[in-house]
Amino acid sequence: MMVSTGSVPKAGMCYRIPTVARDPNILVIETSGRVGSVALATGCALKQSARFRADFSHAAELLPTIDALCRPLSWAPNDIDHVYLSIGPGSFTGLRIAVTLARTLAFSIKADIVAVATLEVIAQNALRAEKPPLHVAVLLDAKRGQVYSAAFEQTEGRYARTVDACIADPVEFLHGLPQPVWVLGDGITYHREALARVAHTELPEALWPPRVETVLKLGYEKAQRGEFVQPNALAPVYLRRPEAEEVWERRHAGERENQSGSHARD
């Protein structure tokens with residue numbers, strides 16, 4: 001069973017001419033995966049980039065890494081015109097931290113925000129394969145035997161989405177795609193036993209992580225089209241609620257049922 005959610009939500013999307021006449025100074029954030037990364041650019045020209053030193057250290061490393069990149073360029077916060085961020089699905093904590101920072105910069109220094117779909121970012125990695133395939137599917141682990149997934153087709157030197165982001169059984173998802181299909185993403189590692197039941201070809205593991213340089217490329221293209229997101233409407237693409245929220249809800253639902261039963265007996 002697939003639960004389609006589409007791409008980055010359209011609510012709050014603002015189409016307009018960029019407010020910066022010159023090439024904008026851009027902060028790029030990729031915190032959807034295990035290891036985060038950030039970059040600085042002017043226009044489409046990358047100036048500085050860095051990966052975090054540890055897995056899932058987004059909260060501890062995001063601001064210090066940005067500061068370390070800004071210092072050699074003598075950038076102050078007010079020098080940032082645009083913020084491009086990988087919007088999910090992915091690490092709940094990483095996405096939430098990136099969104100909070102982007103919204104803060106939008107409200108405090110009027111930075112414009114561009115949200116880039118994470119699965120689309122990962123799909124473009126297939127262009128770096130020795131022979132880029134025609135059809136690719138991105139699979140990220142969603143737990144409970146499911147994956148966050150989307151399908152893409154190579155056209156005009158990039159991968160365009162053919163199946164929107166959804167939560168799916170990996171076997172069912174791949175069965176419904178044109179063959180042959182190549183797959184990439186960390187969902188391969190977590191669902192290898194299930195994937196053995198369906199025809200596919202794995203791309204090299206080096207191509208699985210999202211790249212901050214691709215967030216810059218796709219984000220800059222969207223900015224040139226005027227596709228900015230209003231800060232009040234910016235939200236991570238989770239596809240499902242964080243597990244901690246679901247556990248909290250189940251626990252409190254059980255408490256309410258117990259209380260209701262107790263009152264009935266009284």
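Can you find even one residue in the range 95-103 that is outside the structural domain of residue 230 (by TED's automatic domain parsing), buried (at least 24 other Cβ atoms within 10 Å of the Cβ) and out of contact with any Gly (no Cβ under 7 Å at 6 or more places or on another chain)?
Scanning the range 95-103 turns up no residue that is outside the structural domain of residue 230 (by TED's automatic domain parsing), buried (at least 24 other Cβ atoms within 10 Å of the Cβ) and out of contact with any Gly (no Cβ under 7 Å at 6 or more places or on another chain).
Considering only residues that are surrounded by 16 or more Cβ atoms within 10 Å (Cβ to Cβ) and β-branched (Val, Ile, Thr), look in the range 158-170 and name the one that is nearest to residue 196 (Cα to Cα).
167
For (1) assigned by TED's automatic domain parsing to the domain that holds residue 27; (2) of a type in the set (Asp, Glu); (3) not in a helix (DSSP H, G or I), each residue gets a yes or a no:
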residue: 160; (1), (2), (3): no, no, yes
residue: 180; (1), (2), (3): no, no, yes
residue: 183; (1), (2), (3): no, no, yes
residue: 188; (1), (2), (3): no, no, no
residue: 193; (1), (2), (3): no, yes, no
residue: 199; (1), (2), (3): no, no, yes
residue: 216; (1), (2), (3): yes, no, no
residue: 222; (1), (2), (3): yes, no, no
residue: 235; (1), (2), (3): yes, no, yes
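In the list 122, 113, 29, which residue meets the criterion of being part of a strand (DSSP E or B), within 21 Å of residue 186 (Cα to Cα) and touching a residue at least 12 places away in the same chain (Cβ under 8 Å)? Working first, answer last.
Working: 122 fails: part of a strand (DSSP E or B); 113 fails: within 21 Å of residue 186 (Cα to Cα).
Of 122, 113, 29, the one residue that is part of a strand (DSSP E or B), within 21 Å of residue 186 (Cα to Cα) and touching a residue at least 12 places away in the same chain (Cβ under 8 Å) is 29.
What is the residue count in the range 18-54 for residues that are over 17 Å from residue 101 (Cβ atoms) and acidic (Asp, Glu)?
Going through the range 18-54 one residue at a time, the tally reaches 1.
Which residue is surrounded by the most Cβ atoms within 10 Å (Cβ to Cβ), if the candidates are limited to the range 190-211 and must be closer than 26 Å to residue 39 by Cβ and in contact (Cβ under 8 Å) with a residue 40 or more places away in the chain?
210
Tell me which residues, restricted to the range 65-100, are in a helix (DSSP H, G or I) and farther than 22 Å from residue 209 by Cα.
67, 68, 70, 71, 72, 73, 77, 78, 79, 100
Might you let me know whether the range 212-225 holds any residue that is exposed (fewer than 14 other Cβ atoms within 10 Å of the Cβ) and either among the acidic types (Asp, Glu) or at pLDDT 95 or above (or both)?
Checked against the condition, which is being exposed (fewer than 14 other Cβ atoms within 10 Å of the Cβ) and either among the acidic types (Asp, Glu) or at pLDDT 95 or above (or both), the range 212-225 yields at least one hit.
The values are calculated or read from the model by the stated rules, or taken from the named source; none is laboratory data. Because the structure is a prediction, the values reported are computed rather than measured. Neighbour counts are summed over all protein chains in view; Cβ atoms, including those assigned to glycine, are modelled from backbone coordinates with ideal geometry.
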